[in-house]
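Chemist: Questions regarding the structure given below will be posed in turn.
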Amino acid sequence: MSYINENFLNLQESYLFSTIAKKVAKYSEQNKDRKIIKLGIGDVTRPIVPACIEAMHKAVDEMGTMEGFRGYGPEQGYEFLRKAIIENDYKKRGIDLEEDEIFVSDGAKCDCGNIVDIFAKDNKVAITDPVYPVYLDTNVMSGRSGKYNSKKGIYENIVYLPVTSENDFKPELPKEKVDMIYLCFPNNPTGTVLTKEELKKWIDYAKENKSIILFDSAYESFITEPNIPHSIYEVKGAKDVAIEFKSYSKNAGFTGIRCAYLVIPKTVKGYTKSEEEVLLNKLWNRRTCTKFNGTSYIVQRAAQACYSKEGQKQIKENINYYLENANIIKEGLEKSGYTVYGGVNSPYIWLKVPNNLTSWEFFDKLLEEVNIVGTPGSGFGPHGEGYFRLTAFGTRENTKEAIERIKNWKK
Ligand code: PLP
């Protein structure tokens, strides 16, 4: 008999994006003449920049020659990309890393999900609420949560750190001891950031409790304010307690190309039950070699091109385009009397739902009355109730039109 991993039965159906898709499909079926503007999911719309396209063409041609053909690459990523990462994303910020501390992959979602493999089942996990759902669900799948409490909308045994307007969307340190802490800044969904001083508190906590910080910095390139760290390793002590996740999805538009990387400094340790120290880098390397055969050569060449002079300039233009969209949304909503968060260091705008509506009630009204699709905050966790997420990843034309519709909307 093949017994299943029963932890999967403990997962809640993720109704969020499928419910949204169903509602939108139904509405558009019944209202074929309406133009629906989608500012819901976090996918990009700008095409891949020429520098990356050229690099991929070149790599494809190389693959068709005897000298240039490449089969299995190094599981951890090609040297040319790992070097470019170290030089551009770290050395320029005063952070020293070695090549074998970087692991190139096919996405931050996979990395965030797979990292749980190297941690024991009985670690206590802390997540912010609301949160990017991957952190929670992958821990449920691997048996680190208790049962789901449907009344409260939370799992037993998971420590939820509320982030709401009351605490400026900045999580407070847990009151109880936790072992694995997920932090994502700039934050999805709230769009907020933490300063070095604010991050330092987490690093001190992790050191004191021998915990690990899993720092998701997928939206790092949207940071515009000068005092916000672009990497957790800019903060003193982080190299002892933090793993960092980076992605080319949102900056270079690689959501369909797929490339990301993970940093595990060789100073980050985990512990055996008998409290012996073990390097997490070593465990992750072992896991990577066994379960992964490397990101495609062509894709890694595209990622490398993100760091060329041309590539950087072209990517910056795309990021500025999305940031300008964010500004249009933020200012437009504020002028219409909404309370708005995020959108300055992030492509996400997080707004307070007006008139005491629930997130889903607001979703329905926005869809039916002005034909705009967003994401209900409650879909990211119980403390997201009463909030709503709009994304700046749409086209300029649609973004402007959406805001005009909202401005003229009699709520
Ligand atoms: N991390 C966060 C916080 C995200 O919002 C997303 C995608 O929406 C990802 C990771 C996934 O990135 P990737 O496309 O590299 O898998």
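The values are calculated or read from the model by the stated rules, or taken from the named source; none is laboratory data. Just so we're clear, the structure is a prediction, and the values are computed from it rather than from any experiment. So basically every Cβ, Gly included, is an ideal-geometry build from the backbone, and we count neighbours across all protein chains shown.
Chemist: Does residue 178 meet the test of being over 27 Å from residue 249 (Cα atoms), in contact with a strand residue (DSSP E or B) (Cβ under 7 Å, 6 or more places away or on another chain) and surrounded by 21 or more Cβ atoms within 10 Å (Cβ to Cβ)?
Modeler: Answer is yes for this residue.
Chemist: Tell me which strands (runs of 3 or more DSSP E) are completely within the stretch 169-279 and hold 2 or more residues being more than 16 Å from the ligand (Cβ to nearest atom), farther than 20 Å from residue 107 by Cα and outside the structural domain of residue 339 (by TED's automatic domain parsing), or say none if there are none.
Modeler: Of the strands (runs of 3 or more DSSP E) lying wholly inside the stretch 169-279, those with at least 2 residues that are more than 16 Å from the ligand (Cβ to nearest atom), farther than 20 Å from residue 107 by Cα and outside the structural domain of residue 339 (by TED's automatic domain parsing) span 269-271, 277-279.
Chemist: Search the stretch 90-123 for residues being within 16 Å of the ligand (Cβ to nearest atom) and of a type in the set (A, V, I, L, M), and hand back the single one that is surrounded by the fewest Cβ atoms within 10 Å (Cβ to Cβ).
Modeler: Only one residue fits best here, namely 116.
Chemist: Here's something else I'd like to know. In the stretch 305-325, is there at least one residue being among the basic types (Lys, Arg) and in contact (Cβ under 8 Å) with a residue 40 or more places away in the chain?
Modeler: no
Chemist: Please verify whether residue 27 is in contact with a helix residue (DSSP H, G or I) (Cβ under 7 Å, 6 or more places away or on another chain), in the same structural domain as residue 350 (by TED's automatic domain parsing) and either at positive phi or not polar (S, T, N, Q) (or both), treating the condition exactly as stated.
Modeler: Spelling it out, residue 27 is indeed in contact with a helix residue (DSSP H, G or I) (Cβ under 7 Å, 6 or more places away or on another chain), in the same structural domain as residue 350 (by TED's automatic domain parsing) and either at positive phi or not polar (S, T, N, Q) (or both).
Chemist: Any idea how many residues of the stretch 320-373 are over 22 Å from residue 226 (Cβ atoms), touching a helix residue (DSSP H, G or I) at 6+ places or on another chain (Cβ under 9 Å) and in a loop (DSSP other than H, G, I, E, B)?
Modeler: 9
Chemist: In contact with a Cys (Cβ under 6 Å, 6 or more places away or on another chain) and part of a loop (DSSP other than H, G, I, E, B): does that describe residue 67?
Modeler: Here the answer is no, as residue 67 does not meet what is asked.
Chemist: Which condition breaks for residue 154 when tested against (1) farther than 24 Å from residue 201 by Cα; (2) within 16 Å of the ligand (Cβ to nearest atom)?
Modeler: (2)
Chemist: Tell me, please, whether a residue that is within 16 Å of the ligand (Cβ to nearest atom), in a loop (DSSP other than H, G, I, E, B), of a type in the set (Lys, Arg) and more than 18 Å from residue 233 (Cβ to Cβ) can be found in the stretch 44-51.
Modeler: yes
Chemist: Looking for something within 16 Å of the ligand (Cβ to nearest atom), in contact with a strand residue (DSSP E or B) (Cβ under 9 Å, 6 or more places away or on another chain) and within 27 Å of residue 107 (Cα to Cα) - is there at least one such residue anywhere in the stretch 28-39?
Modeler: Checked against the condition, which is being within 16 Å of the ligand (Cβ to nearest atom), in contact with a strand residue (DSSP E or B) (Cβ under 9 Å, 6 or more places away or on another chain) and within 27 Å of residue 107 (Cα to Cα), the stretch 28-39 yields at least one hit.
Chemist: Does residue 159 qualify as being of a type in the set (Val, Ile, Thr), more than 15 Å from the ligand (Cβ to nearest atom) and assigned to a strand (DSSP E or B)?
Modeler: In short, yes.
Chemist: Taking the stretch 124-136 on its own, how many of its residues are away from the ligand (no atom under 11 Å from the Cβ), hydrophobic (A, V, I, L, M, F, W, C) and outside any helix (DSSP H, G or I)?
Modeler: Within the stretch 124-136, residues that are away from the ligand (no atom under 11 Å from the Cβ), hydrophobic (A, V, I, L, M, F, W, C) and outside any helix (DSSP H, G or I) number 3.
Chemist: Out of the residues in the stretch 285-313 that are within 23 Å of the chain's Cα centre (by Cα) and among the hydroxyl-bearing types (Ser, Thr, Tyr), state the one that is surrounded by the most Cβ atoms within 10 Å (Cβ to Cβ).
Modeler: Across the stretch 285-313, the extreme among qualifying residues is 295.
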